[in-house]
Amino acid sequence: MIHISSSVVLSQAGELITANNPRIGWHNVITSDNISSDEEADDEPVVNLANPATYLYWRGETINAQTVQVSLSEAEEVNYFAIAKHNLGSTGATLAFEYSNNGSDWTTVETVEPSSDYALIVEFDSVSAQFYRLNITPGSAAPAISVLY
């Protein structure tokens, strides 16, 4: 799937990348079978994050810190995470992308405070791990994300 939009915000190590440096994220390790979360609204479950339809959402239930985790059957190399439609910028959320090889000891790769609700792509040096998670510190409302890559 290719998303082309004038509303895409690209970030690498905290620096804004211009539209003259396009990115295509082609490798998505997320499936409805390997994703879980601390919280989910009854009608907006975490499995919606694995669906490319941007009208479906995962939504947390509170403004407490929460985690969305991807548990793979074996280690996979990853060098970006991306979020399609969301409310993270307008609500003042902070995101920390982390990885682990045992599901217990986590290393933070990148921390981001989205400034808008535009699609978000965050690039970083490649890491290989079996477990990945997005730690979300919500702002003024429960987090809502339509697609996570």
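Per-residue answers, yes or no, for (1) polar (S, T, N, Q); (2) within 20 Å of Asp38 (Cα to Cα):
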residue: Val70; (1), (2): no, yes
residue: Phe81; (1), (2): no, yes
residue: Ser90; (1), (2): yes, no
residue: Tyr99; (1), (2): no, yes
residue: Thr108; (1), (2): yes, yes
residue: Thr111; (1), (2): yes, yes
residue: Asp117; (1), (2): no, no
residue: Ser126; (1), (2): yes, no
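Screening the stretch 128-149 for residues that are open to solvent by less than 20 Å² (accessible area, probe 1.4 Å) and in a strand (DSSP E or B) and picking the one that is farthest from Ser37 (Cα to Cα) gives Ala129. At least 1 residues being closer than 11 Å to Ala144 by Cα and open to solvent by less than 30 Å² (accessible area, probe 1.4 Å) is the threshold, and among the strands (runs of 3 or more DSSP E) wholly inside the stretch 35-127 those reaching it are 66-83.
Scoring Ile35 on the criteria (1) more than 25 Å from Val127 (Cβ to Cβ); (2) at pLDDT 95 or above; (3) hydrophobic (A, V, I, L, M, F, W, C) leaves a single failure, condition (1).
The values are calculated or read from the model by the stated rules, or taken from the named source; none is laboratory data. In this text the structure is predicted, and so the values were computed from the model without any measurement. Don't worry about glycine lacking a Cβ; one is built from the backbone with ideal geometry, like all the others, and counts go over all protein chains shown. Heads up: the accessible areas ignore ligands, DNA and RNA and are worked out on the full protein's heavy atoms, side chains in. Shrake-Rupley method; radii C 1.70, N 1.55, O 1.52, S 1.80 Å.
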